[in-house]
1. Ratio to report: Rg/Rh of the range 215-274, with Cα atoms as the point set and Rh obtained by the Kirkwood method; give two decimals.
2. Binned at 10 Å from 0, what are the whole-percent values of the Cα-Cα distance distribution for the chain, short to long?
3. For the range 363-469, give the magnitude of the charge dipole about the Cα centre (Cβ charges: +1 Lys/Arg, -1 Asp/Glu; no others), in debye to the nearest 20.
4. Can you give me the distance in nm between label points at I103 and I237, each placed 7 Å from the Cα along the Cα-to-Cβ direction?
5. Give me the three principal axis extents of the range 72-121 from the C-alpha atoms, as integers in angstrom, largest value leading.
6. Mean residue ellipticity at 222 nm from the helices of the chain, using -39,500 (n - 2.57) per DSSP H segment of n ≥ 4 over the full residue count, to the nearest 500 deg cm²/dmol?
7. Which net charge results for the neighbourhood of N370, defined as the other residues with beta-carbon distances under 11 angstrom from its beta-carbon, given Lys and Arg at +1 and Asp and Glu at -1?
8. I want the antiparallel fraction of DSSP beta bridges within the chain, as a percent rounded to 5.
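Quick note: the coordinates plus some simple rules give every number you see, no bench work behind them. No experiment lies behind these values; they were computed from the predicted model shown. Heads up, the Cβs are rebuilt from the backbone with ideal geometry, glycines too, and the neighbour counts pull from every protein chain shown.
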Amino acid sequence: MFWVVVVDDDVESLEHISSILTKKDMKVTKLSSGKELLNYVEGMVPLPDLILLDVYMDEMDGFETLKAFKEKPEGEIPVIFLTGDEDLKTEADGLHLGAVDFIRKPVVPDILSMRVTKTIEFERLKNQLAREVEKKTQENIRLTLHVVQTLAEAIDAKDAYTNGHSGRVAAYSKEIAKRYGYDENQQDEIYMMGLLHDVGKIGVPDWIINKTSRLTDEEFAEIKKHPVTGNNILKRIKEMPQLAFGARWHHERVDGRGYPDGLRGNEIPEEARIIAVADAYDAMTSNRSYREPMPQERVRGEIEKGKGAQFDPIFADIMLEMIDEDTQYEMREGTQKEAVLRETSSEEAILHMDNQYVLPEKLLGLEQLNTDLGIYLCGGIEDYFEVLSVFKDSIDSKSEKIENAWKNEAYDTYTTLVHSLKSSARTIGAIEISDLAKNLESAGKNGEIDIIEKETPMLLEMYRELKNHL
């Protein structure tokens, strides 16, 4: 069923247009002002399919309303202007502001219903195509990750002593980035960069990599070529240029004494500074051709000593925090904890890149939410997450508007706001809030001020409290 919001301060026109669309089996919401529309759509989930907006209204005209509407997160809803004006400039101004069409008044029923239908069908088709493109993009990214993991394993296999090194560096890097505040996309990127940081070693002879005695200057010079070789390989991947950052610069030092470019401090890309700490940790805690893993206390001391010289102090401190939490020295190569961290990092990256969402236990345990209903009403778990985010982000602003309308006895505005909350709360499965908002909407329409006075504080408390759990 199509859902259309009609905004017109002319009661006869509002009822006439609503009647035409209702007869075509469309859901219609009737609003009488631009301000009412702005209050109504704030935090609304799900959103209407289309807005029919009258140009000439008191207080805020259609142009002012559309301009304010387009600044809101909900501003992607298509808007068709209603007007009795045949001035071409009016039409041009409206289209320039972002309206998708104009319908002349008095409306012709067939023209109105056909234009509304065609506009909504076009928008749905466009959104469906966008979702398909996104789906294919995510499939390609997942394929890329699997190729990267396979390549990383092939590189690690060159060194009989450090098998799994790239996966561990990727996992440690992702954990550092997560603690530093990277979002999921950034964590996935640095995970892939960590996997490929040593790709340049594919050009280093195996006998040098596996040599058990001290390297000669000439042999070390060959080893030092691997960052540039890795950069030359990865820079060809134009779709993900940042992959080359970790490969080229993970041996740079913040004091400028690293290689291959001698970069200093913040000249070194942030991701490379993270990978450098993770790489050093794994180098010290894993088996090498020339020594066994170092004791944890010595590893900690080396990272502490390298702060501000070899390592970025911020990321070194995060690594030290991880070490201090690892009281049994179980994060290093070959331990169960290390294997879980590495496997979890890989699975999280794949799930996120694949847009596979899993509800956290905290959310499932909330008494205020019927998550099964929310997922059903939103059409899937992915859309449910998106709707929850929109709902949460609007709570502070919308609760303040409800409270102000209540205290200022602006009951028309109050009724519009609680009506909107009723629908949105039900969509996410917050049934108790939705039912209370429904009662208050009815009280607002019927002028039952005693009910509004008694139950509004309870609604606001429940509404704001829910934000603390989302």
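1. Looking at the range 215-274, the ratio lands at 1.01.
2. Per 10 Å bin, starting at 0, the Cα pair percentages come out as 4, 16, 20, 17, 14, 13, 10, 4, 1, 0.
3. Computed charge dipole of the range 363-469: roughly 120 debye.
4. With each label placed 7 Å out from Cα toward Cβ, I get 5.0 nm.
5. Sorted from largest, the Cα extents of the range 72-121 read 32, 27, 12 Å.
6. -20500 deg cm²/dmol
7. Here the charged neighbours net out to -2.
8. 5
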